[in-house]
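Quick note: the coordinates plus some simple rules give every number you see, no bench work behind them. Quick caveat, the model's predicted, so the values are computed rather than measured.
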Amino acid sequence: MASCADDGGGAGLATDGIATEGLLSDSLGSDEAFMDTTGSLDDTSAGDVDGSSSDDSSTEPDPTTGGEMFDCSPAWAGPWVGSPCMGDSECDFEGGFCVLPSQGFPCGTCSMACTDLCPDIEQAPETFCVSGAEVGLDPGGYCLSQCDAELLSGNGCRDGYACAGFNRYMNTNASAAVCVPELYAGTSRTECQQMLMDLGAVFTPVDHTPDSPEGFPDLECEIDEPVLLHTPVNGVALRYIESDEPGEVFLGCQAAVSVVGSAAVAAGLGIDEILHIGTYNCRVIAGTTTISQHGLANAIDIGGFVLDTGVQITVLEDWEDGNPNPSTEYGQILHDFTDQLWALGLWNVIFTPEHNAAHDNHFHVDLLVGGNTYD
């Protein structure tokens, strides 16, 4: 993916010292637009897809947890993969069966056998085929629900379940963030990963083998806590500007936290989609021997937005060069976006088209250690 030609700084390899406080300033902590990250999700938690509360909600003790109570309310209309169940008859769809609480799944969960792909239906989370051996079940493939923060609050899973990354059954080249009993999600979360969870982000921790920029074999692009941040974020989709569909983005965890905050700002400005030009790109800053913040997955280039009216605006076409007080609606939205990112301390460096000609078509934002530039 393309990224800006110069992210303007002597960024070293170390990302140690990018403290949480540096990302979330005091003003951010008191900002309702960011901290209420699940504002649009709370109404759908444990209710119908349209946000109405369920009248038949109930809590039942799970026999595998010494009587611990879980909310067993249906999370979406109709039985489907991921729906609570107490027996196979409650999974009334072709091939459906119930993985019981006695098997370690709180309130039970509907599933079906799979060898590769699992079917999907509207108004329910997408599904994914995982190995039963990885979640305490008999050998074979089981369809489970993917994490879906649009339908469920928090990290996109039912009560008693956590969001974790799993490979597809018998296919290590495909993975997804899936809702599994907390026992199988792993408990060793870093402080940054816990923050992402608290903010309601859906993400998958991933491995990254350090790479070297072309022509610089002695340098390495090392990423601190790499994650795949799944879309949407705070109700805002993330889409590569040349793609037809939204998709996950690859970032260091601290940068993912900042993207979550940036999406909250975007939502407050009536933005439905953030159109980005790239995140990770193992390279040096042009004309230097210094690893770019893109090489550390600590940056994202934003080329435009899709508004809730369906209108697409771009930095190239709608930024008003040299005008600090834009006269057009779209120019004002672009200025308001970067102004709020800076005021909230979400990024250490923000470059707009005012910085230089290389940024005429995008905003570059990054987490350069010691950075303090908004231009």
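Some observations on this one:
- Amide H contacts of Gly108 (H built 1.01 Å from N, under 5 Å, at least 5 apart or other chain): Cys85
- Cα gyration tensor shape of the stretch 181-258, rounded if a/c is under 1.5, else prolate or oblate by comparing a/b with b/c: oblate
- For Tyr374, the residues 5 or more places off, or on other chains, whose built amide H falls under 5 Å of its own are Ile350.
- Shape call, the stretch 60-206: gyration tensor on alpha carbons, a/c limit 1.5: rounded
- Under Karplus coefficients 6.51, -1.76 and 1.60, residue-wise ³J(HN,Hα) of the stretch 113-122 in Hz, glycine/proline x: 6, 8, 10, 8, 9, 10, x, 10, 10, 6
- Shape of the stretch 87-164, Cα gyration tensor, a/c cut at 1.5: rounded
- Taking amide hydrogens as placed 1.01 Å from N in the peptide plane, the amide H of Cys72 sits under 5 Å from those of Ser58, Thr59, Glu60, each at least 5 positions away in sequence or on another chain.
- Scalar couplings 3J(HN,Hα) for the stretch 303-312, obtained by applying the Karplus form with A = 6.51, B = -1.76, C = 1.60 to θ = phi - 60°, are x, x, 9, 10, 7, 5, 8, x, 7, 9 Hz; x denotes Gly and Pro.
- Added length on full extension, which subtracts the Cα-Cα distance from 0.36 nm per residue, Ala358 to Glu150: 71.3 nm
- Potential extension, Asp308-Asn372 segment - 0.36 nm per residue separation minus Cα distance: 19.8 nm
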